[in-house]
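Asks: The structure that follows is given in the form of structure tokens.
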Amino acid sequence: MVSNNVAHDPYLMSPDYPVLRNLVGANTYEELSKAEADLFHARVVQLNDHSLVAPTRDAQELRGLHRHLFQDVYDWAGEFRVIDMRLGDGDHFAPYISIPLGISNLMNDLAEQDFLKGLQRDAFVDRLAKFYDLLNYIHPFREGNGRTQRTFWARVAFSAGWVLNWAPIHGEELNEASQAARENEDFRPIRQALDKCLSPVSG
Ligand SMILES: Nc1ncnc2c1ncn2[C@@H]1O[C@H](COP(=O)(O)OP(=O)(O)OP(=O)(O)O)[C@@H](O)[C@H]1O
């Protein structure tokens with residue numbers, strides 16, 4: 001969960017009460033984080049059945065994953081955000097108006113790169129790091145972007161012959177790696193993080 005530093009955020013309970021409106025009756029950030037985490041874990045396991053959300057490798061798949069993962073928590077699950085977002089005093093993520101085109105371009109690139117199939121480990125990690133950063137920049141949802149894109153890339157990786165198990169990475173490490181890629185175009189931390197998570201399907 002990252003904070004959003006914009007003047008008016010209609011996803012919040014009120015401007016003076018910065019907790020996301022939710023379906024679980026949570027009134028504090030802590031209550032919401034806990035409920036969100038518990039419900040996410042229950043839902044993500046179900047996605048082991050890949051047919052629950054078809055692997056169409058487009059906006060529909062991404063939205064379907066988000067909808068599935070966060071359906072118990074947010075009534076807008078599966079919907080792209082309709083506000084701009086920024087982190088603290090830092091950079092903006094992509095303007096919300098550009099999200100559909102951004103996703104479409106990303107998915108076209110992914111298809112042109114044959115969904116990252118047939119690559120050696122270093123090349124796979126290298127390309128995945130770039131895609132991770134790009135999707136992070138697009139940041140299509142108001143909340144749950146990290147978990148949705150980690151789920152998505154695990155599916156892409158599996159189809160390309162890799163198990164991408166995010167467990168060895170803790171949240172802060174990934175946030176710092178994402179920040180280094182975004183702010184300094186330093187992809188080493190994100191590559192290192194991805195490398196820790198990757199093993200061949202048959203291995
Ligand atoms: N300072 C930062 N600069 C750039 N990207 C960041 C920064 N901090 C976090 N991120 C990225 O944003 C993601 C979090 O976005 P969001 O809060 O929407 O997702 P989440 O699924 O709720 O949280 P998390 O990924 O922590 O589980 C992180 O996974 C990371 O990739």
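Asks: Running Debye on region 1-160 with equal point scatterers at the Cα sites and no solvent, what base-10 log of I(q)/I(0) appears at q = 0.08, 0.13 Å⁻¹?
Replies: Debye intensities relative to I(0), on a log10 scale: -0.24, -0.64.
Asks: Give me the extension gain from residue 176 to residue 101: residue separation times 0.36 nm, minus the current Cα-Cα distance, reported in nm with one decimal.
Replies: Residue separation times 0.36 nm, minus the Cα-Cα distance, leaves 24.3 nm.
Asks: Accessible area per residue, 1.4 Å probe, Å², for the chain: what's the number?
Replies: 51 Å²
Asks: If you roll a 1.4 Å probe over region 2-200 with all protein chains in place, what percent of the accessible area is carbon or sulfur?
Replies: 51 percent
Asks: Could you give the angle, 0 to 90 degrees to the nearest 10, between helix 145-159's Cα long axis and the longest principal axis of the Cα atoms of the chain?
Replies: The angle comes out at about 20 degrees.
Asks: So if R0 is 35 Å, what FRET efficiency would residue 45 and residue 192 give, r being the distance between their Cβ atoms, rounded to the nearest 0.05?
Replies: Here the calculated transfer efficiency is 0.80.
Asks: In addition: How large are Rg and Dmax for region 121-198 when only the alpha carbon atoms are used, in Å?
Replies: Reported Rg and Dmax, both Å: 11.4, 32.
Asks: Another question, if that's okay. Along the Cα→Cβ direction, 7 angstrom out, place labels at residue 31 and residue 169. What is the inter-label distance in nm?
Replies: 3.2 nm
Asks: What percent do you get for the relative contact order of the chain when only Cα pairs under 8 Å and 6+ apart count?
Replies: For the chain, the relative contact order is 18 percent.
Asks: Sticking with this structure for a sec: Could you sort 175-182, 113-120 so that the peptide with the highest average Cβ count within 10 Å comes first and the rest follow in order?
Replies: Per-residue mean Cβ counts within 10 Å order the peptides as 175-182, 113-120.
Asks: A further question on this structure: Give me the distance in nm between label points sitting 7 Å out from Cα along the Cα-to-Cβ direction at residue 14 and residue 201, one decimal.
Replies: Between residue 14 and residue 201, the label points sit 5.3 nm apart.
Asks: How big is Rg to Rh over region 101-162, alpha-carbon atoms, Rh as the Kirkwood inverse-mean-distance radius?
Replies: Across region 101-162, the Cα-based Rg/Rh ratio is 0.95.
Asks: Mind pulling the angle between the C-alpha long axis of helix 188-197 and the longest principal axis of the chain? Nearest 10 degrees, somewhere in 0 to 90.
Replies: The helix 188-197 is inclined about 80 degrees to the chain.
Asks: If you count, for each residue, the other Cβ atoms within 10 Å and average over each peptide, how do 188-194, 46-52, 80-86 line up from highest to lowest?
Replies: Order by mean packing, descending: 188-194, 80-86, 46-52.
Asks: Between 0 and 90 degrees, rounded to the nearest ten: what's the tilt of helix 99-112 against the longest Cα principal axis of the chain?
Replies: For 99-112 against the chain, the angle is about 10 degrees.
The values are calculated or read from the model by the stated rules, or taken from the named source; none is laboratory data. Because the structure is a prediction, the values reported are computed rather than measured. Positions of Cβ are generated from backbone atoms using ideal geometry, with glycine treated the same way; all protein chains shown enter the neighbour counts. Quick note on the areas: whole protein, heavy atoms, side chains included, nothing else; ligands and nucleic acids left out. Shrake-Rupley method; radii C 1.70, N 1.55, O 1.52, S 1.80 Å.
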